[in-house]
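Working notes for the structure below.
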Amino acid sequence: MSVLEHREEAPKAVCCMVVTVSDTRTKETDKSGQAMKQLLECTGHQVLEWKIVKDEKSQIEQVLYAGVENPQIDAILFNGGTGICKRDVTIETLRRHFEKEMPGFGEIFRFLSYTEDIGSAAILSRATAGVVNGTIIYATPGSTGAVKLAMEKLILPELPHSVYELRK
């Protein structure tokens, strides 16, 4: 089957969890998490949970485990903690659980960031995606601009197709 045929077979709505990794944000100040949630819902997907966790390995793992063990959740979208600061541990924490990594996501995200948004600072992003326990995992930087770029250009166009591929 072609990619177009796969997309036709893909589910129209995907059930998601949105997770913001931040030491300072609250639901009221989490513009990136709000943007993720809104973009998902505006395109027909369902956000079953929206969480904010500290940039701590144990908290990230706890929410990851809860999400991948929930049979209703098809995808978990993380934002934040993807840079190179000492406190940024999202990528290390998630990657060690990936059964499969999707390196193209991070590569294309950095290319788009470079060409459309922040120039050479794109090399500081460690955005990634992968699969854990049959659940698609995306990790984007925490800035609202980065979230919108990732969502609009990469995640939303391929989310149903990705879930379709995982269910095969």
task = Return the pairs, sorted by first residue and then second, in which the second residue is hydroxyl-bearing (Ser, Thr, Tyr), the first residue lies in the stretch 35-48 and is over 13 Å from residue 77 (Cβ atoms), the beta carbons are less than 6 Å apart, and the residues are 6+ apart or on different chains.
result = none
inquiry  = One residue is enough: does the stretch 77-90 have a residue meeting the conditions among the charged types (D, E, K, R) and farther than 21 Å from residue 122 by Cβ?
reply    = no
ask   = Going by the conditions given, is residue 86 modelled with pLDDT under 95, at negative phi, among the basic types (Lys, Arg) and open to solvent by 70 Å² or more (accessible area, probe 1.4 Å)?
value = yes
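Please tell me if residue 21 is of a type in the set (A, V, I, L, M, F, W, C) and either modelled with pLDDT of 95 or more or more than 26 Å from residue 113 (Cα to Cα) (or both).
Answer is yes for this residue.
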request  = Of the conditions (1) under 30 Å from residue 167 (Cα atoms); (2) at pLDDT below 95, residue 134 clears all except one; give me its number.
outcome  = (2)
note = Those residues of the stretch 28-50 which are open to solvent by 70 Å² or more (accessible area, probe 1.4 Å) and touching a strand residue (DSSP E or B) at 6+ places or on another chain (Cβ under 7 Å) amount to 41, 46
key: Selection count, the stretch 140-161, where residues are touching a Leu at 6+ places or on another chain (Cβ under 9 Å) and of a type in the set (Asp, Glu)   = 1
task = Working only within the stretch 1-27, note down all residues that are farther than 16 Å from residue 73 by Cα, of a type outside the set (D, E, K, R) and buried (at least 17 other Cβ atoms within 10 Å of the Cβ).
result = 20, 21, 22
ask   = Among the residues of the stretch 108-146 satisfying the criterion of being part of a loop (DSSP other than H, G, I, E, B) and in contact (Cβ under 8 Å) with a residue 60 or more places away in the chain, which is nearest to residue 94 (Cα to Cα)?
value = 133
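The values are calculated or read from the model by the stated rules, or taken from the named source; none is laboratory data. Just so we're clear, the structure is a prediction, and the values are computed from it rather than from any experiment. All Cβ positions, even for glycine, are placed from backbone atoms using ideal geometry, and neighbour counts span all protein chains on display. To get the accessible areas, we keep the full protein, side chains included, count just its heavy atoms, and leave off ligands, DNA and RNA. Shrake-Rupley method; radii C 1.70, N 1.55, O 1.52, S 1.80 Å.
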